[in-house]
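K.L.:
Starting off with a structure, shown below.
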Amino acid sequence: MANYYDIDDVLAEEEILPAVFQQAADGVGLLDSSDDTNKVGAGSKVELPFWLARDLHLRGVVSIDVPPYFKKISRTRKEIGADAAHVDLRSRCQYFYELGLKIAPLVGDKTIGPFLLVAFQTRYKEVLVKAHTAASAVAPKHLTLLTNEETKLYEAGQSSTAAFKKWRMGGPRLQKATVLGRKRKPIE
Amino acid sequence: MYGKKGSELVKELASSEPGQLSAFNNDLFSQVIEECTGHLLHLGPLIRKIEELKKVEERRKINKQELEESDKMALKANNSGALIHHLSLLRNKRCLMAYVYNRAEIIQSLGWTLERVLPEEIEEKLSSSEKEYFKNHGATLQSYMSELDIDLAVDMVPPKDPYIKVRVLDDIGNVVLSDQSANLARHAILFLRRTDAEQYISQGLMEELTS
């Protein structure tokens with residue numbers, strides 16, 4: 001299990017999944033606002049965040065379905081198969097891989113794992129090449145296509161290039177504490 | 001939606017630049033705690049109902065009878081309702097803990113780079129317990145260093161040369177350094193002992209010059 005305090009892990013578990021209640025549940029009116037009986041009946045379809053859906057699923061209270069982009073026959077899979085590097089995964093799910101890893105053992109769909117692997121491998125190459133070559137000043141357009149994990153890889157690639165350059169050219173080694181911000185006082 | 005506020009809190013943390021502190025979100029923080037209280041209020045009656053039904057079940061067991069079908073359903077429904085509230089509580093707790101923990105990590109690193117001087121613009125971003133934490137953490141570090149008789153905050157980057165060239169960015173005034181007493185006026189360019197300069201640089205009062 002990932003670190004309890006890990007921000008990304010907390011946020012990845014917030015992703016919404018479609019789920020169907022197998023049993024009724026009392027005293028939880030907020031989930032299904034369509035009636036005021038303060039309960040959810042068996043068979044009602046709701047959208048649950050992953051952290052709630054997982055435990056309810058394991059106890060047989062709800063059955064979960066994968067989000068549309070993990071479905072066996074979906075546009076996302078076709079697009080990844082065609083040209084993985086230019087698929088906009090960010091708009092589908094910022095935590096595409098993390099969620100995929102968590103959801104695969106729950107739904108027993110064996111094709112999700114290989115699908116994620118193929119997607120990551122092809123996209124990773126592209127990300128790395130771009131991180132090492134792109135001029136750092138402009139925020140490139142393709143950054144908006146990347147998931148959270150990929151953005152981190154991109155930034156790591158860029159900072160290692162920058163560190164390499166700095167090492168070759170030499171530069172100030174002591175620096176202001178980063179927490180104070182980058183602003184310099186205006187020179188009067 | 002359940003747990004929404006908690007995730008908002010964590011999202012705020014994630015969207016701030018790494019290593020930078022944003023103001024402690026007292027408002028949202030207390031809202032999440034309120035939500036927890038709400039869950040607890042829902043949880044109480046559900047647990048009581050479950051217990052009542054269990055008692056009925058016990059009594060019936062003695063007579064070798066089973067619960068009526070409607071009671072069985074009610075027990076299950078109450079169980080899953082209680083479970084949802086319980087999970088929401090755990091989730092909210094995790095969000096709150098993650099928020100506080102990750103901020104505390106940044107505050108700890110402040111203790112290394114800024115020593116005891118906390119600039120105003122950072123201080124106002126901390127909650128009162130975080131200020132306390134910073135103070136105590138700094139004091140612990142100081143006492144450890146004085147016990148060892150080494151200043152551990154110095155030479156965070158391995159030194160190449162005992163002396164470095166620096167430019168003073170702000171009027172600091174006359175300061176007695178380890179080997180000389182110098183007038184650190186703004187824009188002055190000096191050749192200082194690295195160990196003396198390091199603390200000023202990390203506070204943003206000087207910058208290192210390289211030829």
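K.L.:
B:VAL100: accessible area at probe 1.4 Å, nearest 10 Å²?
P.N.:
60
K.L.:
Can you give me the solvent accessible area of B:SER202 with a 1.4 Å probe, rounded to the nearest 10 Å²?
P.N.:
That residue has around 20 Å² of solvent-accessible surface.
K.L.:
What FRET efficiency, computed as 1/(1 + (r/R0)^6) with R0 = 45 Å and r the Cβ-Cβ distance, is obtained for A:ASN3 and B:GLU69, rounded to the nearest 0.05?
P.N.:
With a Förster radius of 45 Å, E is 0.50.
K.L.:
Specify whether the C-alpha gyration tensor of region B:120-159 places it in the rounded, prolate or oblate class, a ≥ b ≥ c being the square roots of the eigenvalues: rounded for a/c under 1.5, otherwise prolate if a/b is larger than b/c and oblate if not.
P.N.:
Since a/c reaches 1.5 but b/c is at least a/b, the shape of region B:120-159 is classed as oblate.
K.L.:
Let me ask something else. What total accessible area, in Å², is buried where chains B and A meet, using a 1.4 Å probe and rounding to the nearest 100?
P.N.:
4400
K.L.:
Compute the FRET efficiency between A:ILE73 and A:LEU101 as 1/(1 + (r/R0)^6), taking r as their Cβ-Cβ distance and R0 = 25 Å, and round to the nearest 0.05.
P.N.:
0.70
K.L.:
Sticking with this structure for a sec: Using a 1.4 angstrom probe on heavy atoms only, work out the carbon and sulfur share of the accessible area of region B:163-208 in %.
P.N.:
47
K.L.:
Looking only at region A:92-114, which residues have a backbone nitrogen under 18 Å from a spot 7 Å from the Cα of A:ILE16 in the C-beta direction?
P.N.:
A:92-96, A:99-100
K.L.:
Here's another thing I want to ask about it. How far apart, in nanometres, would the label points at B:HIS187 and B:SER143 be if each is projected 7 angstrom from Cα along the Cα-to-Cβ direction?
P.N.:
It works out to 4.7 nm between the two label points.
K.L.:
Could you name the lysines whose alpha carbon sits less than 17 Å from that of B:LYS160, not counting residues in the same chain fewer than 8 places away?
P.N.:
Within reach: A:LYS166.
K.L.:
Let me ask something additional. Once ligands and nucleic acids are excluded and a 1.4 Å probe is used, how much of B:GLU52 is accessible, expressed in Å² to the nearest 10?
P.N.:
Its heavy atoms expose roughly 110 Å² to the probe.
K.L.:
Could you give the length gained by full extension between B:LYS165 and B:GLU132, i.e. 0.36 nm per residue of separation minus their alpha carbon distance, to one decimal place?
P.N.:
8.2 nm
K.L.:
Using alpha-carbon positions, what is the distance between the centroids of region A:35-77 and region B:53-86, in Å?
P.N.:
Measuring centre to centre over Cα atoms gives 25 Å.
K.L.:
Give the ranking of A:ASP55, A:ASP9 by solvent-accessible surface, highest area first, calculated with a 1.4 Å probe.
P.N.:
Sorted by accessible area, descending: A:ASP55, A:ASP9.
K.L.:
For B:LYS135, go through the aspartates and glutamates and keep the ones whose alpha-carbon is under 20 Å away, minus same-chain ones fewer than eight residues off.
P.N.:
Qualifying aspartates and glutamates at Cα under 20 Å: B:GLU105, B:GLU115, B:GLU120, B:GLU121, B:GLU123, B:GLU124, B:GLU147, B:ASP151.
K.L.:
Considering only C-alpha atoms, what is the centroid distance from region B:142-211 to region B:28-47, in Å?
P.N.:
What the calculation gives is 52 Å, centre to centre.
K.L.:
Collect residues whose amide H, placed 1.01 Å from N in the peptide plane, falls under 5 Å from the amide H of A:ALA24; neighbours closer than 5 in sequence don't count.
P.N.:
Counting only residues 5 or more places away or on other chains, the set is A:ALA42.
K.L.:
Could you compute the net charge surrounding B:LEU96? Neighbours are other residues with a C-beta less than 13 Å from the C-beta of B:LEU96; K and R count +1, D and E count -1.
P.N.:
Surrounding charge for B:LEU96 is +1.
K.L.:
Would you rank A:ILE16, B:ILE106 by solvent-accessible area, highest first, keeping every protein chain in place and using a 1.4 Å probe?
P.N.:
Greatest to least solvent exposure: A:ILE16, B:ILE106.
K.L.:
Something else: For the pairs A:LYS39/B:LYS72; A:LYS39/B:LYS55; A:LYS71/A:LYS141; A:LYS78/A:LYS152; A:LYS152/B:LYS93; A:LYS102/B:LYS93, note any where the Cα-Cα span goes beyond 18 Å.
P.N.:
A:LYS39/B:LYS55; A:LYS71/A:LYS141; A:LYS78/A:LYS152; A:LYS152/B:LYS93; A:LYS102/B:LYS93
K.L.:
Which Cα, out of A:LEU48, A:PHE115, B:PRO119, lies furthest along the positive dipole direction of the protein assembly as shown (beta carbon charges, K/R +1, D/E -1)?
P.N.:
A:PHE115
K.L.:
Right, something else. Under the rule of at least 5 residues apart or a separate chain, name every residue whose amide H is placed under 5 Å from the amide H of A:LEU17.
P.N.:
So A:LEU17 has HN proximity to A:LEU48, A:PHE50.
K.L.:
Classify region B:163-208: rounded, prolate or oblate, from the alpha-carbon gyration tensor (a ≥ b ≥ c, eigenvalue square roots; a/c under 1.5 rounded; otherwise prolate if a/b is larger than b/c)?
P.N.:
rounded
K.L.:
Averaged over A:7-16, how many beta carbons belonging to a partner chain fall within 10 Å of each residue's beta carbon?
P.N.:
Shielding by partners across A:7-16 averages 5.
K.L.:
As a test of reading the structure, rank B:ARG91, A:ARG90 by solvent-accessible area (1.4 Å probe, protein chains only), most first.
P.N.:
The residues order as A:ARG90, B:ARG91, largest area first.
K.L.:
In debye, nearest 20, what is the charge dipole magnitude of chain B about its Cα centre with +1 on Lys and Arg Cβ and -1 on Asp and Glu Cβ, if you could check?
P.N.:
The dipole magnitude comes to about 1380 debye.
K.L.:
Still on this structure, please answer the following. Run the reach check for A:LYS72 against aspartates and glutamates, Cα to Cα strictly under 17 Å, same-chain hits fewer than 8 apart removed. What comes back?
P.N.:
By straight Cα distance, A:LYS72 reaches A:ASP109.
K.L.:
While we're on this one: Please compute the net charge surrounding B:SER70, taking Lys and Arg as +1 and Asp and Glu as -1 over other residues with Cβ under 15 Å from its Cβ.
P.N.:
Result for the neighbourhood of B:SER70: -2.
K.L.:
Could you work out Rg/(2.2 N^0.38 Å) for the protein assembly as shown, with Rg from alpha carbons only?
P.N.:
Here the Cα radius of gyration is 1.32 times the empirical estimate.
K.L.:
Please give the per residue accessible area of the protein assembly as shown, computed with a probe of 1.4 Å over protein heavy atoms only, in Å².
P.N.:
Dividing the accessible area of the protein assembly as shown by its residue count gives 58 Å².
The values are calculated or read from the model by the stated rules, or taken from the named source; none is laboratory data. Please read these numbers as outputs of a predicted model, since none were measured by experiment. Because the Cβ atoms are built from the backbone with ideal geometry, glycine has one as well, and the counts that use them run over all protein chains shown. With ligands, DNA and RNA removed, areas are computed over all heavy atoms of the protein, side chains included. Shrake-Rupley method; radii C 1.70, N 1.55, O 1.52, S 1.80 Å.
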